[in-house]
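*Asks:* Please read through the structure below; I'll follow up with questions.
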Amino acid sequence: MRRYILRRAAEAVLSLFLLSVIIFIVVRLTGDPLILLLSEEATEEDRAALTTALGLDKPMPVQYVIFAKEFLTGDFGNSIRGGTPVEDLILSRIMPSLKLAAAAILIVIVVAVPLGVIAAVNKGKIADGVARFIAVAGQSVPAFWMGIVLIQIFAVQLDLLPTSGMGGIDHYILPAITLSLFVIAGVMRLLRSSMLETLDTEYVKLARIKGIQEHRVIWKHSLRNALIPVVTFGGTYVATFITFGILAEVVFAWPGLGRLLFDGIVVRDFPVVQAMVLLAGALVISANLAVDVLYAYIDPRIRYG
């Protein structure tokens, strides 16, 4: 077991290293940030001085080594745009993203789980067709377009909800729905398939033969086992909700990490983009590692395979 965990941990470290190299190179392919920082009247001396101050005068391998060392020590560098430490920017934006992610997760649980169960129990009926249509639409419709449509209907035409910003509970509704749509569709489809398999198992049939009430068979015995793959799928999206809710946060002007990443990309703020992508990658890789280890404890065939 220890050997399996060490192997998976080594693979996780390698993945994070490769991600750091890729994002380091890609952000520098987006263009020269000095074009956006310097005015048209700036001289070559101004340009050279700013290049040196930002550390962009050093060779690329040297820049990467400096970046990697600082990241490993918890120093994400300073924002090119304002000179503010990147960790301060992240800390100032993390709570809005956590709150929006919590609202989105709540919507996923309240909507996707009941619809997935209802679709499985009513396989081939109208309820199943409606649930599958919602699932396909949720995974097909672009999030930014859905956000704009929701604003047009509920904010502009009906004047029921605010269009942007972070405030009361009503400010969370539209961005949380927009952020959760794709995951609702995925959870619903996966839960439906898992429930269909579970409902056909011998222990469920035995529970019905014993005369246990149907709602207990479905919501207690079947759902509990059908949720295992769903939790795995949903868990991998928690980090995405927190760090990569870019489209929802941009459309609704939400002051979270996704908006911070978007602004960093627009102004070519290398330290911000690098830190955000690596943190998100670390969260996702850690979540996958935890799931792999948990599965290995549950199923010995995985760790000995």
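The values are calculated or read from the model by the stated rules, or taken from the named source; none is laboratory data. Computed from a predicted structure; not experimentally measured. Neighbour counts are summed over all protein chains in view; Cβ atoms, including those assigned to glycine, are modelled from backbone coordinates with ideal geometry. Each accessible area value is taken on the protein alone, full model and side chains, heavy atoms only, with ligands, DNA and RNA left out. Shrake-Rupley method; radii C 1.70, N 1.55, O 1.52, S 1.80 Å.
*Asks:* Relative contact order for region 43-192: what is it in percent, counting Cα pairs under 8 Å that are at least 6 residues apart?
*Replies:* Working: 116 pairs, mean separation 39.6, N = 150.
Worked out over region 43-192, it gives 26 percent.
*Asks:* Determine the share of region 133-224's accessible area contributed by carbon and sulfur atoms, expressed in whole percent, with a 1.4 angstrom probe. Intermediate values should be presented prior to the final figure.
*Replies:* Working: 3350 of 5260 Å².
For region 133-224, the apolar C and S fraction of the accessible surface comes to 64 percent.
*Asks:* Kindly state, as a whole number, the per residue volume in cubic angstrom of the convex hull around the alpha carbon atoms of the chain. List each step's numbers first, then the result.
*Replies:* On the way: hull volume 52.1 nm³, N = 305.
Once divided by residue count, the hull of the chain is 171 Å³.
*Asks:* Same structure again: Cut-off under 25 Å on the C-alpha distance; same-chain residues fewer than 8 positions from Lys58 excluded. Which lysines are left, in chain and number order?
*Replies:* Here the lysines satisfying the reach criterion relative to Lys58 are Lys69.
*Asks:* So which helices of the chain fit the span-like rule, where a helix is a whole DSSP H run, its Cα atoms reach 20 Å or more along the axis, and its mean Kyte-Doolittle is at least 0.5?
*Replies:* Details: long enough: 2-29 (41 Å, 1.42); 86-121 (49 Å, 2.03); 126-140 (21 Å, 0.95); 170-199 (40 Å, 1.08); 270-298 (42 Å, 1.82).
Correct list, ordered by number: 2-29, 86-121, 126-140, 170-199, 270-298.
*Asks:* Please compute the per residue accessible area over region 2-124 with all protein chains in place, 1.4 Å probe, rounded to a whole number of Å².
*Replies:* Values: 7510 Å² over 123 residues.
About 61 Å² of surface per residue is accessible.
*Asks:* Counting pairs of alpha carbon atoms under 8 Å apart in space and at least six apart in sequence, what relative contact order in percent does the chain give?
*Replies:* Details: 323 pairs, mean separation 83.2, N = 305.
The normalised contact order for the chain reaches 27 percent.
*Asks:* Treat every Asp and Glu Cβ in region 162-262 as -1 and every Lys and Arg Cβ as +1, leave all other atoms uncharged, and give the resulting dipole magnitude about the Cα centre to the nearest 20 debye.
*Replies:* Its charge dipole is roughly 380 debye.
*Asks:* Check Asn78: other-chain or 5+ apart residues with amide H under 5 Å from its amide H, H built from backbone geometry?
*Replies:* Placed amide hydrogens put Val86 under 5 Å from Asn78.
*Asks:* Let me ask you something else. Can you give the calculated 222 nm mean residue ellipticity of the chain, where each DSSP H run of n ≥ 4 adds -39,500 (n - 2.57) and the sum is split over every residue, rounded to the nearest 500 deg cm²/dmol? Intermediate values should be presented prior to the final figure.
*Replies:* Working: 15 runs with 221 residues, N = 305.
So the helix-based figure for the chain works out to -23500 deg cm²/dmol.
*Asks:* Using only the Cα atoms of region 120-241, what are the Rg and Dmax in Å?
*Replies:* Every Cα atom of region 120-241 included, Rg and Dmax give 18.2, 55 Å.
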